Each structure stands twice: as structure tokens, then as C-alpha cells.
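Peer 1: Take this structure first; my questions come after.
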Amino acid sequence: MKDKRQKRALGRPRAFDADKALDRALEVFWRKGYEGTAMSDLTKAMRINRPSIYAAFGNKEELFRRVLDRYTEGPASYVQRALAEPTAKRAVERLLFAAADISREGRGPRGCLLVQGALSCGDAAESVRRELNSRRADGEAELRKRLKRARAERDLPRSADPAGLARYVVTVAHGMSVEAAAGASQRELLQVVKTAMRAWPK
């Protein structure tokens, strides 16, 4: 009898939209960070109870990893579009201008989830901090690869340092994220982008 009940439970369709639930969880984590988000925040925002969250997405950390994937495919998808630009300068400009645009008021949480999510991670969330650091490092590596290709194609001068340039761009973008979360206006962020691009190799 117990096995039959379990089979019926496993075969029962979900009473919620998993994609919408993930989007709601994304906004909560984005606003509060990983450690600042409680399970009660998630159940309220996702409009489902704890057992349903555990059954569909796993524990809080597993849910957060799913949210990070959702963020990369959604709000942060501008990164891949920027890297596809025909020149390195246009790629970096698009990357930074998009980072400023996504941080503007009225477009949801401000700043970058990969940055904001790790700012207050303590020892209990060390694995999450490592995950966020790893994903940011992957993003920098992709940009570095794009800039190396640009130098090989003579889109950048031979004297250019792709690794140093990638680190510079990423540092500017992450700094803009922190400033946006602290209340910087889009106009101020755009000025940061314009100033940063003056350092582009001649």
C-alpha cells in the first residue's frame, strides 16, 4: 500500500510552474544575497511550501545553483552577445554598457548576482562563495580568450596584454555592480564606462 502511495505521489504533476518559481527565487537571492535569504523568504516568493522546493530543486544551496544557471541564461546573457561583437573594443563597450543598463533603477535588483551573492558569505557558505568565485573566474577567462584572439587577429596591438586588460574590464564591471547596489545612478555608471574606455590600447 505504501509503495502504491509513493508511486502516485511521484507520478503526480507539479501544481506550480518551475520556471516561474525559479525566476521568483532568482529575484530574492539577487536582492538579499545567499546568506541573507531565508527559506521563509523563498517559500513566500516562490508561492510553494518547503517540501515542494526540496522535491523540485533540492536544498537551498542546490536551488541557488539552479538560480545561478537561470541568471546566466537570462539577465546575464548579454555577456555572450557582447563577446560575439566583431571587434574587441565593441565587445568590451557592449559588455560594460550592458552592465550599466542592467543595474539601472526599475529593472529589478541592482548590481550583479555573481558579485552581490558573495559579498556577505561567511564560513557556513564557503562552498557557495567558491562557486561564485569560480563562475566569475570563468567569465574573466572567456573575456581573456576573446582578447587573445583579437590580438592574434591584430584587432589589438601586439603590445596589448589580454590578461591584464580582461582583469581591468572585469574589475570595472564588478565595481559598477557594487556601486549600483549602493545607489549609483545609471548616468554615473555610464560615466564610469566612458572613463574606463579611455584606457583602451591605442
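The values are calculated or read from the model by the stated rules, or taken from the named source; none is laboratory data. All values derive from a computational prediction rather than experimental measurement. Using ideal geometry, Cβ is built from the backbone for each residue, glycine included, and neighbour counts are taken over all protein chains shown. To get the accessible areas, we keep the full protein, side chains included, count just its heavy atoms, and leave off ligands, DNA and RNA. Shrake-Rupley method; radii C 1.70, N 1.55, O 1.52, S 1.80 Å.
Peer 1: Go through (1) in a helix (DSSP H, G or I); (2) open to solvent by less than 50 Å² (accessible area, probe 1.4 Å) one by one and return the number of the condition residue 62 breaks.
Peer 2: Failed condition: (2).
Peer 1: For residue 183, all conditions in the list (1) within 18 Å of the chain's Cα centre (by Cα); (2) within 22 Å of residue 28 (Cβ to Cβ); (3) open to solvent by 40 Å² or more (accessible area, probe 1.4 Å) hold save one; what is the number of the exception?
Peer 2: The single condition residue 183 does not satisfy is (1).
Peer 1: Report whether or not residue 85 is part of a helix (DSSP H, G or I) and either modelled with pLDDT of 95 or more or touching a helix residue (DSSP H, G or I) at 6+ places or on another chain (Cβ under 8 Å) (or both).
Peer 2: No: the conditions fail for residue 85.
Peer 1: I'd like to check which helices (runs of 4 or more DSSP H) are fully inside region 105-202 and have at least 2 residues that are modelled with pLDDT of 95 or more.
Peer 2: 126-152, 162-181, 186-197
Peer 1: Could I ask something else about it? Consider residue 24 against the criteria (1) open to solvent by 80 Å² or more (accessible area, probe 1.4 Å); (2) modelled with pLDDT of 95 or more: it satisfies all of them except one. Which criterion is unmet?
Peer 2: Tallying (1) open to solvent by 80 Å² or more (accessible area, probe 1.4 Å); (2) modelled with pLDDT of 95 or more, residue 24 fails exactly one: (1).
Peer 1: Moving on. Please specify each residue of region 27-55 satisfying the condition of being open to solvent by less than 30 Å² (accessible area, probe 1.4 Å), under 20 Å from residue 131 (Cβ atoms) and assigned to a helix (DSSP H, G or I).
Peer 2: 28, 29, 30, 39, 42, 53
Peer 1: Can you tell me which residue in region 115-167 is farthest from residue 85 (Cα to Cα), limited to those that are among the acidic types (Asp, Glu) and open to solvent by 70 Å² or more (accessible area, probe 1.4 Å)?
Peer 2: 123
Peer 1: Kindly indicate whether residue 83 is within 12 Å of residue 29 (Cα to Cα), surrounded by 12 or more Cβ atoms within 10 Å (Cβ to Cβ), under 22 Å from the mean Cα position of the chain (by Cα) and among the hydrophobic types (A, V, I, L, M, F, W, C).
Peer 2: Considered against the rule, which asks whether it is within 12 Å of residue 29 (Cα to Cα), surrounded by 12 or more Cβ atoms within 10 Å (Cβ to Cβ), under 22 Å from the mean Cα position of the chain (by Cα) and among the hydrophobic types (A, V, I, L, M, F, W, C), residue 83 comes out as no.
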